[in-house]
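Please read the structure below before turning to the comments.
What follows is calculated from the coordinates using simple rules that are stated; it is not laboratory data. Since the model is a prediction, treat every value here as computed from it, not as a measurement. Backbone-built Cβ (ideal geometry, glycine too); neighbour counts: all protein chains shown.
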Ligand code: WTA
């Protein structure tokens, strides 16, 4: 029996809070403030004096905090008995065990119960001015139809369904339908190539894929179904491909394909009932896999589970952006990335928000697209990437000023560091100097935002370009990268950014490879979760992210492992080394050094074109190198390791800063001088 959130949770929250207050908290004597008015989930922590004290408590007494919040925020069919069972040294993370719930019920049914006609989705289609709205009732019906369709075609609890679709309502309904019937989803960004898609389908062992005939982006048609056809040729597990229609153009259907919606006589989805019994899921059952790049060639399928992930996405969505009931939330990320999962789909829908699905690009049909959309859809919170802000500021203020942006209250930034110029422009021009800009730091692994200027007092200071303050329950630490394991306790210092405490939103494992999960995140600094990023902590204790410490680069906010690009095999190439370099729009660009096999006679320009094509085909267009430099040899250590540090300095034209070269296998440094002399910039 599923109860609307109001009934169970309020009661449980208050009785639970009394218990905690009696047992754990000794806050008497402090000045009283109405924390509940700011955060109703924390109503039980009555004696806590203000938001800063509440944050402190969320770390020092994290179990009580998360228990109260989980009971208040989520609708449970059976309450949990254990708040957490975590051991970071072993990569063991479990939250809310014993609890049972359904994520789609939390995102849909409970809102349909209270406000069925509230708009859940506004689909900002590629074609400007043709947006479509879907109420919570309609989205629930669509989700139930897809859920029934999947069930009727044999998809069971525990299966993994791959979704290769553009950002559109049916993609959201497909994700929620998986959640409804207890299947995991594996959304693959629709810009990935057939090879990259196939690799993810194989690793996830999906037997079902959902796609569309064609995508439309920036006025261009993208042949998604054809890409799926190519991909599944090398995926023996795939038994069925559901095909929805985004355009009117027919596609060739094979015996494996099932037309999904309203297509001629088939009308598969319309046959289905609008009621679909939700599966009762355990808190720690898998909700989704999402592949992301690491520093080795093979992408990792990070696993997120039901209750903890949803809770964390919902809470951060509410407090980082100051979302209030009735607001229109506009996150322009694609659903193929974690930002799309947490802040287009799960966080906003769990909070009953109206969420925007943005299908287009920032400059289609012109550079006013975002702000025209803000005016038309009356967006209250806008969440985007620095790369787009940097691009738009180059087109000038007139594209922003043309449109009414008075509905905007908060501006968010995510995916890469935001430089001061872009931050200032975003704040001054887009936000008319009145909207706080929240630079949010997080990762696919963290499930939701971990460091951001808010929540804090509305007038607390925000420093441009700084992510600033840890979220509730987050305990960041900096560790010395030289003397491994040494905790840096002072301020005004830089180090490896780690988390000293688990939180409900963190990834649980890497699909089929728990050992890699442990080695990547928990072994570098035992007892801590290592983020792979470096950070600086200011004199005031604020955090600023300084960039990756591993061989992952960040192109327009998209993570890519340098090894993934190097692994693209070309018969003419003996070896290659890829590094990131500073790019004025993309944040980082891809610079490849390539050594040809002996005796290869080919024009460098032709081979460059060929290599670029191969990387686009094997991975995605954004991974394609901006510069390819041909070299006779690469700088290596005497044990044969490529010295990327040296290559980075060559690209930065900083030969002074080459540092210790005693391990270089070429004592006269001829190779470095040669590389420098043919440098492509
Ligand atoms: C980087 C995206 C600086 C960082 C949500 C991280 C950032 C990686 C910021 C995760 C930020 C993300 N400032 N760097 N505000 N946000 N990053 O998994 O290097 O696609 O580790 O998740 O992006 O990328 P992912």
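Computed values, structure above
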item	result
Rg(Cα) / (2.2 N^0.38 Å) computed for segment 52-193, rounded to two decimals	1.27
Computed lengthening from residue 127 to residue 581, 0.36 nm per intervening residue step minus Cα-Cα distance	160.0 nm
Relative contact order computed over segment 421-484 (Cα-Cα under 8 Å; 6+ residues apart), in percent	25
Calculated [θ] (222 nm, deg cm²/dmol) that DSSP helices of n ≥ 4 give over the chain, each run adding -39,500 (n - 2.57)	-8000 deg cm²/dmol
Spatial separation of Cα centroids for segment 443-484 and segment 494-546, in angstrom	12
Gained length - residue 52 relative to residue 322, 0.36 nm times residue gap less alpha-carbon distance	95.6 nm
Segment 185-248 - percent relative contact order, Cα under 8 Å, separation 6 or more	41
Förster-model FRET efficiency, 60 Å R0, residue 668 and residue 273, C-beta, rounded to 0.05	0.20
The chain: relative contact order as a whole-number percent, Cα under 8 Å and 6+ apart	11
Fewest-first ranking of 323, 370, using other Cβ atoms within 10 Å as the exposure measure	323, 370
Alpha-carbon centroids, segment 347-405 and segment 120-167: separation in whole Å	23
Intensity falloff of segment 186-301 expressed as log10 I(q)/I(0), Debye formula with alpha-carbon point scatterers, at q = 0.16 Å⁻¹	-0.89
Three-way shape label, segment 505-582, alpha-carbon gyration tensor, a/c 1.5	oblate
Cα-based shape type of segment 264-418, given that a ≥ b ≥ c are square roots of the gyration tensor eigenvalues and the cut on a/c is 1.5	prolate
Burial ordering of 312, 521, 134, fewest other beta-carbon atoms within 10 Å first	134, 521, 312
For segment 413-567, average projected area of the Cα convex hull in nm²	10.4
Cα-based equivalent ellipsoid, the chain: semi-axes from gyration tensor eigenvalues, Å	39, 32, 25
DSSP bridge orientation in the chain - percent antiparallel, rounded to nearest 5	60
Enclosed volume per residue, in Å³, of the convex hull spanned by Cα atoms of segment 361-458	102
Gain upon complete extension [residue 398, residue 609; 0.36 nm per residue less C-alpha separation]	72.3 nm
Those residues of segment 533-564 whose amide nitrogen sits under 20 Å from the label point placed on residue 616, 7 Å along Cα→Cβ	555-561, 564
Cβ-Cβ FRET estimate between residue 424 and residue 487, R0 fixed at 22 Å, reported to 0.05	0.05
Inter-part distance where segment 557-579 and segment 591-614 are each reduced to a Cα centre, Å	12
Cα gyration tensor, segment 280-367 - rounded (a/c under 1.5), prolate or oblate	oblate
Ascending count of other beta-carbon atoms within 10 Å, so fewest first, for 131, 199	131, 199
